[in-house]
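Engineer: First the structure, then my questions, so here it is.
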Amino acid sequence: MSKKRAVKIGVILLLLIVAAFFYFSINPATTKYMPRCVFLTLTGYKCAGCGSQRALHSLLHGNVLDALRYNTFFVLAIPLIVIYLLNDYTKLIPSKVDEVITHHYTIIAIGIIVVLWWVFRNIYDW
Amino acid sequence: MRRYWINFKGKQSGPHSLEALERMGVDKTAYVWHSGLDDWVKITKVPELNEMLEKLYNGSSAASDANSVENVAPQVMEVSQVTTSPPEPEPAPELSTNEMPNQPGDEARELPPNRLNQYGNATYQVRNHPQYAGGNFAAAQATIAENPECPPTNLVWAIIATICCCMPLGILAIIFASLTKKNYKQGDYRKAEKYSEYSAWSIIFAIMIGLITTPLSCCSNLMLLNLG
């Protein structure tokens, strides 16, 4: 591993730890200073990512059910993001899995799921 | 950044970045071609690649035989001239291998000499491929289709941008990511590169919008708080 790469990974890990500590100690549901979704503020409709901060806070405190209630898609997307990151930047993921998860149908399916989730949560006020 | 085509252990592939070549673990027996060269050259003849090789093999004498070897046509040429004619109908005469390389006056070529038509004529490439000249046509085509690297789809960042920054642009980036992969699979590498860039730009704009609007939304929260 080159020095540059090690520094990069170190910086990213540091940022992640800082962010995790930040969201662990501050409860976005009760703090008024936290940024609110602009889409929600402007239109009154929730976006696909609304509730992510609260969900992250709950997750860091171990309340998975609360997290799912705040933003189901966000919680489900975390393992997905981890897998894709590993696939992009390491060689840990076997190429057969890579073929499936980076197939363009899979990608478009993710896009469709995002849109469906967005519509669904606004209709049913999830 | 410069892109390289490589012929290593009888297998030809490309375009690769310098880092990709480093990861492939090529050695000094490889031949390379990049835009601007007339013909394939020994890898040690390209200064930056020679430097990379020397770094890779701890300063061993990668360049030692560089001077003794003149610009030699790569193995592809030699082999395809020797092989007997394939079972498929002969390619059109103007596409015959022997006439392809070193045509005078085609400067600024974007593709290596014996794969002049990478974007269209897979059939031609395969017939002249050293390993497949003579048979197993479908397998050869599949292998060659895998050879160039897929441009980055930026899918992870598209998902992250969708959740964290700006949903509409994030979804756009996901769609572009899918188009990148689709065009790459269909062999349209130029279009794939284009969509890869589009998805990258969508993500950049999404993040910028997120960075601009997030403090604003904090401000508006505070103002509402003060008013109420």
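Engineer: Taking every residue in A:103-115, how many Cβ atoms of other protein chains lie within 10 Å of its Cβ, on average? Mind dumping the intermediate values first?
Structural biologist: Working: counts 4, 11, 3, 3, 13, 7, 2, 8, 13, 2, 1, 8, 3.
Whole-number average of other-chain Cβ neighbours for A:103-115 is 6.
Engineer: With an 8 Å cut-off on Cα pairs and a minimum separation of 6 or more residues, tell me the relative contact order of chain A in percent.
Structural biologist: Working: 75 pairs, mean separation 25.4, N = 126.
So the answer I get is 20 percent.
Engineer: Here's a follow-up. Enumerate the amide H contacts of residue B:30 below 5 Å, restricted to partners 5 or more residues apart or on another chain; note that Pro and chain-start residues carry no placed amide H.
Structural biologist: It is B:43, by chain and number.
Engineer: Tabulate in residue order the Karplus-calculated ³J(HN,Hα) for the stretch A:8-21, using 6.51 cos²θ - 1.76 cosθ + 1.60 with θ = phi - 60°, rounded to whole Hz; enter x for Gly and Pro.
Structural biologist: 4, 4, x, 4, 5, 4, 4, 4, 4, 5, 4, 4, 4, 4
Engineer: Per-residue Cβ counts within 10 Å, from other chains only, averaged over A:72-83: what number is that?
Structural biologist: Working: counts 0, 3, 2, 0, 0, 4, 1, 0, 3, 6, 1, 1.
Going residue by residue through A:72-83 and averaging, the value is 2.
Engineer: Sort A:2-8, A:80-86 by packing, meaning the average of other beta carbons within 10 Å per residue, with the highest value first. Before the final figure, lay out the partial values.
Structural biologist: On the way: A:2-8: 9.4, A:80-86: 15.6.
Ranking the peptides A:2-8, A:80-86 by packing returns A:80-86, A:2-8.
Engineer: Where nothing but the Cβ of Lys and Arg (+1) and of Asp and Glu (-1) is charged, how large is the charge dipole of chain A around its Cα centre, in debye to the nearest 20? Before the final figure, lay out each step's value.
Structural biologist: Working: 12 positive and 5 negative charges, 84 e Å.
Dipole magnitude for chain A comes out near 400 debye.
Engineer: So what J values fall out for the stretch A:54-60 if you push phi through Karplus, 6.51 cos²θ - 1.76 cosθ + 1.60 with θ = phi - 60°, rounded to Hz, Gly and Pro as x?
Structural biologist: Per residue, the Karplus-derived 3J(HN,Hα) values read 5, 4, 5, 4, 5, 4, 5 Hz.
Read the figures in this text as sums done on the coordinates, not as results from a lab. Keep in mind that this is a model prediction, so the values were computed, not measured. All Cβ positions, glycine included, derive from the backbone under ideal geometry; neighbour counts span all protein chains shown.
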